[in-house]
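Accompanying notes for the structure given below.
Taken together, the values in this text are just the output of simple stated rules run on the coordinates, not laboratory data. Everything quoted here is computed from the prediction, not taken from an experiment. Counting neighbours? That spans all protein chains shown, and the Cβs are built from the backbone with ideal geometry, glycine included.
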Amino acid sequence: MSVREPPPRVAGLEPTLPSSWYRDAHVFAIEKERIFCREWLCVGREEELIGAGSFRLLDLFGESVILLRNRGAELRAFHNVCRHRGTRLCQDAPATGSGSHAALGGGIAAGRITCPYHQWTYDLDGHLIAAPHMSTEPDFDKALFSLYPLGLACWGGFVFLNLTASRAAPFSQQLGSMPERLARYPLSELRIGHTIRYQVAANWKVICENYNECYHCAGVHPELCAVVPAFRERGGANLDWARGIPHRPGAYTFTASGTTRRRAFPSLNEDERVRHKGELVYPNLFISLACDHVAVFILEPRSAAHTTIACHFLFEPYEIGKSDFDPGDATEFWDLVNRQDWAICEAVQQGISARVHERGYYAPMEDFSLDIRRYVMERIGDALDTP
């Protein structure tokens, strides 16, 4: 039986995805192929690579990727695979004290990418520029052996990659109307002022569903609700995310006091100076926007029950450049709220792993959580049967 369509409501409540979809390695493998290898994934911020020749090695669902800036300081991304015999071009740093293998040469240096095996060499745009002893071969054409590129796009200072570049949907299609909703926030101009990395023992969809609703806020986030009482009113229902969520009187940002010494972003309108906005860019980017800072969550699903989360806090360079810049009022408050969220998500993961639990249900005020159900079912529903 196809599961493209959800089962009927029970007592007026919409059902979630089957519980097995949050815990099964087979489902996660299908999600890898049909979601994470086909959609545009946020992998970080442009500012994390500064200057021509800078690079990072990324692990995207088992695929090793080189993200770099070419000689013109433009971003490029390639699979970390030599076109000759498939050797990995750049090696991850060995574990401390491992000593199990000899160090390899090659890698990126002097504006070139060199394979450690046979020294095939590429420029920073992925073109093969040298292959030892091949120049005398009459049929050999270096132009046919460029590195495998990934789809790459940037928006708001964020870097997105697509592992299936030849069949990637337009990047603008994935963003939808969000850029217009956030047009007055100077996202591309902001810089990372602090980063916290979390390891969460929960499925990525559990984390998305938690981000998408505030029914849990009154019980899980008392400190947050003291700053934003609307999160606990009526179970967090009917929140006007398009306009933004108001703080308590006298408060205007996400800190314990609801205030800060940092100025509001000058380009914001009157509402945005005192209200909070949030966006979820499927499949792996959360953006929470206050008037003076932006909290960014980049999800890196590692398995069916484990997700790494990089949380970056973005501020104006104007503020970061001050001698007394201290992001602690925002980062410490967010860290408290984050740890509350991760703890409850882990409790959900533990609970839905019980044999008796076949699926959950969405209360009416959790309607935005249905987004993840629709998103996933549209992409993998025809590949799975009901449990």
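Ranked from highest to lowest mean number of other Cβ atoms within 10 Å per residue, what is the order of the peptides 126-138, 243-255?
Values: 126-138: 12.2, 243-255: 17.3.
The densest-packed peptide leads the list: 243-255, 126-138.
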- Pairing the Cα long axis of helix 370-380 with the longest principal axis of the chain, what angle in degrees results, from 0 to 90 and rounded to the nearest 10? 30 degrees
- Nearest-ten-degree value, helix 328-352 long axis tilted from longest Cα axis of the chain: 90 degrees
- If a/c stays under 1.5 just call it rounded; otherwise compare a/b with b/c (prolate if a/b is bigger, oblate if not). Do that for the range 41-168, with a ≥ b ≥ c from the square roots of the Cα gyration tensor eigenvalues. oblate
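Grab the other residues whose beta carbon is less than 13 angstrom from that of GLU346, score K and R as +1, D and E as -1, and report the net.
Once all neighbours under 13 Å are counted, the net charge is +1.
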- Message: Using helices alone, I'd like the mean residue ellipticity at 222 nm for the chain: each DSSP H run of four-plus residues gives -39500 (n - 2.57), total over residue count, nearest 500.
- Response: -5000 deg cm²/dmol
- Rounded to whole Hz, the Karplus (6.51, -1.76, 1.60) HN-Hα couplings of the range 137-149, x for glycine and proline: 7, x, 9, 6, 10, 4, 5, 8, 10, 6, 5, 6, x
- For every other residue with a beta carbon closer than 10 angstrom to the beta carbon of ASN162, add +1 if it is Lys or Arg and -1 if Asp or Glu, then tell me the sum. +1
- Listed by chain and number, the residues whose amide H is under 5 Å from that of LEU89, excluding neighbours fewer than 5 places away on the same chain and using placed H, are VAL81, CYS82
- Quick one: which residues, 5 or more positions from HIS194 or on another chain, have an amide H under 5 Å from its amide H? H modelled 1.01 Å from N in the peptide plane, none for Pro or chain starts. PHE313
- How are the Cα pair distances of the chain distributed, in percent, across 10 Å bins from 0? 4, 20, 28, 24, 15, 6, 2, 0
- Task: Excluding residues fewer than 8 places away in the same chain, name every one of the aspartates and glutamates whose C-alpha is closer than 18 Å to that of LYS322.
- Result: GLU189, ASP292
- Partnerless cysteines, meaning none of the other Cys C-beta atoms lie under 4.7 Å away, in the chain: CYS37, CYS42, CYS90, CYS154, CYS208, CYS225, CYS291, CYS311, CYS345
